[in-house]
1. Residue by residue through the range 53-58, which ³J(HN,Hα) values in whole Hz follow from phi under the Karplus form 6.51 cos²θ - 1.76 cosθ + 1.60 (θ = phi - 60°), with glycine and proline marked x?
2. Starting from the Cα of Asp148, step 7 Å along the direction of its Cβ; do the same at Ala99; then give the gap between the two resulting points in nm.
3. How much length is gained if the chain between Arg91 and Arg117 is pulled fully straight, taking 0.36 nm per residue apart and subtracting their Cα-Cα distance, in nm to one decimal?
4. Provide the gained length on full extension for the span Val64 to Val50, in nm with one decimal, where the gain is 0.36 nm per separating residue minus the Cα-Cα distance.
5. Along each of its three principal axes, how wide is the spread of alpha-carbon positions in the range 51-154, in whole angstrom units, largest first?
6. Enumerate the amide H contacts of His78 below 5 Å, restricted to partners 5 or more residues apart or on another chain; note that Pro and chain-start residues carry no placed amide H.
7. How big is the equivalent ellipsoid of the range 121-177 along its three axes, where each semi-axis is √(5λ) from the Cα gyration tensor, reported in whole Å from largest to smallest?
Amino acid sequence: MALSTYLTARSMMMFSNFRRLRLRRRFLPLSLLFLPLVAGCSGDEPAVPVPEVAEVRAAHEAWVTALNRQDVDYLEHHALPEISMFSASGRLRKDLGEAGWEAMRGGARQAGREQRRVEHQIEEIRVYGDVAMVTGHSRVGVTGVDGDRPELRRRLTYIWVRTDQGWRQAHHHVSDL
């Protein structure tokens, strides 16, 4: 017997059993009972707020504030020692170590003549025990000595890990839109 013939025969038998058991008459009234519950869920936010989501949001917002201040000391303190980063250029930086953080400090000093504005629009925060994922979009505006540059728009993913010292960043990935 061909697979399509078998599947057609199987689905007809299931429908026949469904009719025979008169589940249709029971299913419709039951489904109407749950309709208001389903209609009230937008899917955008969890039904019950999770305290960890607020903690991760606060850690992430503090990170963005430090980015705007170009406070590399704060960023280093609030990252895991083995942090990895995918920059918008696609370059992967792993386990920065002291040399990597010093290079970032040098870049921040060099860029000190520029004004940077980093804004993150968080789309979603998911917490899985001691690990959290933040996804969203960012806008980066730069005003240099020669005036404003075009605003950069990016998508982002940040991974946070809960430690004894609070939430620390383990990985982030930004890519241009």
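1. 4, 5, 5, 5, 4, 5
2. Each label point lies 7 Å from its Cα, and together they span 4.0 nm.
3. On the way: separation 26, 0.36 × 26 = 9.36 nm, distance 2.21 nm.
Taking Arg91 through Arg117 to full extension adds about 7.2 nm, to one decimal.
4. 2.9 nm
5. 46, 30, 24
6. Correct list: empty.
7. 29, 13, 8
Any read-out appearing in this document is the output of simple, stated calculations on the displayed coordinates, not a laboratory observation. Nothing here was measured: the structure is a model prediction, and the numbers come from that model. Cβ sites come from the backbone with ideal geometry, for glycine too, and all protein chains shown count toward neighbours.
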